[in-house]
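Some notes on the structure that comes next.
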Amino acid sequence: MNALSNIDDRSLPAWIYRDETFLERERQLIFGPSWQLICHQSDIPGSGDYHCFELFGEALVAIRGADGIIRSFHNVCRHRAARLLDGPAGHCASRISCPYHQWSYALDGRLVGVPQRSSFPGLAMQAHGLVPVEQEIFLGFVFVRLQPGLPPVHEMAAPYLQELQAYRMEELVPQGRVTLRTRDVNWKNVADNYSDGLHITVAHPGLTRLFGHSYAVEAQPWIDRMSGSLVDVPSSNWSERHYQKLLPPVDTLAPQRRRLWLYFKLWPNVAFDIYPDQIDFMQFLPVSPTQTLIREIAYVHPDPRREMRATRYLNWRINRQVSLEDKALIDRVQSGMNSSSYSAGPLGESEVCLRSFARRMRHLIPESRLAQPPAQ
């Protein structure tokens, strides 16, 4: 029997990395029920502070109410569908006011003001509040989803919950702001690369100098874990060598975590890079079959030490180079997905994360089992 006769031994077919119809299937079956991260609770610390998020034309907002509670809504007026709040983040006073006709809503979503109210006979104010979105706050991060289907976030992350709790993520504060980077690749290309362990020693010389051969990958049903421990041998690279030297001990972390780099990817497109000095969040959002928007921000625990400030700067320098290397890799792969010679390549037994991702895709969208697009 051919060793690749089992479909789990093969990667996903090339056509689903460039097909418009398949992206629509993903919108319905992958992203509709998926948990998407809007922000951390520390991004909206005060009453009226909000953070916006958009995916596939769905405009959402998380806002902290006068009672201190964070709620998430569709960012759409119930009168004529105007977008209510602008920008990635901001602040409104005691009400959310529509810029079109000035319908206004309390911070808890209730409709509280309608100009020319008498011209709307029979209007049930209580029935026209903002439409809520299902929300879960997990370790301080505000997740939402548009439709049911997946387990709660805490259940998806359960295999590593104890490990994640060690990083006191509820106490994080933002470092800088959310940045957006466009990549001319399919979103799955970014997801594949994030959880790929085989390319580290081939394409990331800096990470190899830092980790040696300690990089490891694991796959659970809804979450991947990757890790590497810093070696004691000083790197030949200035940024890496000084990072190794200056990284101060974080007393709240167990000794084995103080020089450990961790990476987690939550199905399907949410990732956390967890370092001793900071935690970076990344989200890969489909724009088209061949374009992805990468949304990211770093979070930290307040630490006034000069060594920690220097370490965080060096972390940025190191990972800026890693990001450039990854961009070159995913560009190469996306280009190759257009070749008539490529369908679905073999997956090694150690490629557990890619196997898990492909298995989930095939289960949710059966067309992804096909070598070619189905006949229209």
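The values are calculated or read from the model by the stated rules, or taken from the named source; none is laboratory data. Note that the coordinates shown come from a computational prediction; the quantities given were computed from them, not determined experimentally. Don't worry about glycine lacking a Cβ; one is built from the backbone with ideal geometry, like all the others, and counts go over all protein chains shown. All accessible areas refer to the heavy atoms of the entire protein, side chains included, with ligands and DNA or RNA removed. Shrake-Rupley method; radii C 1.70, N 1.55, O 1.52, S 1.80 Å.
This table checks each residue for (1) at pLDDT below 95; (2) open to solvent by 10 Å² or more (accessible area, probe 1.4 Å); (3) farther than 30 Å from Arg362 by Cα.
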{"residue": "Phe211", "(1), (2), (3)": "no, no, yes"}
{"residue": "Ser214", "(1), (2), (3)": "yes, yes, yes"}
{"residue": "Trp222", "(1), (2), (3)": "no, yes, no"}
{"residue": "Arg225", "(1), (2), (3)": "no, yes, no"}
{"residue": "Thr252", "(1), (2), (3)": "no, yes, yes"}
{"residue": "Arg257", "(1), (2), (3)": "no, yes, yes"}
{"residue": "Tyr263", "(1), (2), (3)": "no, yes, no"}
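If the condition is being open to solvent by 30 Å² or more (accessible area, probe 1.4 Å) and not in a loop (DSSP other than H, G, I, E, B), then the range 99-128 contributes Val112, Arg117, Ser118, Ser119, Met125, Gln126, Ala127.
Out of the residues in the range 277-300 that are among the hydroxyl-bearing types (Ser, Thr, Tyr) and open to solvent by 30 Å² or more (accessible area, probe 1.4 Å), which is farthest from Phe56 (Cα to Cα)? Within the range 277-300, the match that is farthest from Phe56 (Cα to Cα) is Thr290. For Leu260, the stated conditions hold: it is over 26 Å from Val144 (Cβ atoms) and without any contact (Cβ under 8 Å) to a residue 60 or more places away in the chain.
Can you confirm whether the range 62-80 contains a residue that is of a type in the set (A, V, I, L, M) and modelled with pLDDT under 95? No, there is no match, as no residue in the range 62-80 is of a type in the set (A, V, I, L, M) and modelled with pLDDT under 95.
Under the condition of being under 17 Å from the mean Cα position of the chain (by Cα) and open to solvent by less than 10 Å² (accessible area, probe 1.4 Å), the residues counted in the range 301-327 number 0. Within the range 351-375, the set of residues being touching a residue at least 24 places away in the same chain (Cβ under 8 Å) and open to solvent by 90 Å² or more (accessible area, probe 1.4 Å) comprises Arg359, Arg369, Gln372.
Looking only at residues in the range 330-350 that are open to solvent by 50 Å² or more (accessible area, probe 1.4 Å) and in a loop (DSSP other than H, G, I, E, B), which one is nearest to Phe284 (Cα to Cα)?
Asn338
If the condition is being open to solvent by less than 40 Å² (accessible area, probe 1.4 Å) and part of a helix (DSSP H, G or I), then the range 232-250 contributes Ser239, Glu240, Tyr243, Gln244. Among the residues of the range 56-81, write down those that are open to solvent by less than 20 Å² (accessible area, probe 1.4 Å), in contact with a Phe, Trp or Tyr (Cβ under 7 Å, 6 or more places away or on another chain) and either not small (Gly, Ala, Ser) or not in a strand (DSSP E or B) (or both). The answer is Leu60, Val61, Ile63, Cys77.
Just for the range 82-98: of the residues that are among the aliphatic types (A, V, I, L, M) and out of contact with any helix residue (DSSP H, G or I) (no Cβ under 7 Å at 6 or more places or on another chain), which one is most open to solvent (accessible area, probe 1.4 Å)?
So, considering only residues that are among the aliphatic types (A, V, I, L, M) and out of contact with any helix residue (DSSP H, G or I) (no Cβ under 7 Å at 6 or more places or on another chain), the one most open to solvent (accessible area, probe 1.4 Å) is Ala93.
Taking the conditions (1) in contact (Cβ under 8 Å) with a residue 12 or more places away in the chain; (2) in a helix (DSSP H, G or I) in turn, Pro302 satisfies each one other than (2). Looking at the range 92-106, is at least one residue under 34 Å from the mean Cα position of the chain (by Cα) and under 13 Å from Ala62 (Cα atoms)? Yes: the range 92-106 contains one or more residues that are under 34 Å from the mean Cα position of the chain (by Cα) and under 13 Å from Ala62 (Cα atoms). Mind checking whether some residue in the range 168-175 is more than 30 Å from Asp19 (Cα to Cα), under 20 Å from the mean Cα position of the chain (by Cα) and open to solvent by less than 20 Å² (accessible area, probe 1.4 Å)? Yes, there is a match, as at least one residue in the range 168-175 is more than 30 Å from Asp19 (Cα to Cα), under 20 Å from the mean Cα position of the chain (by Cα) and open to solvent by less than 20 Å² (accessible area, probe 1.4 Å).
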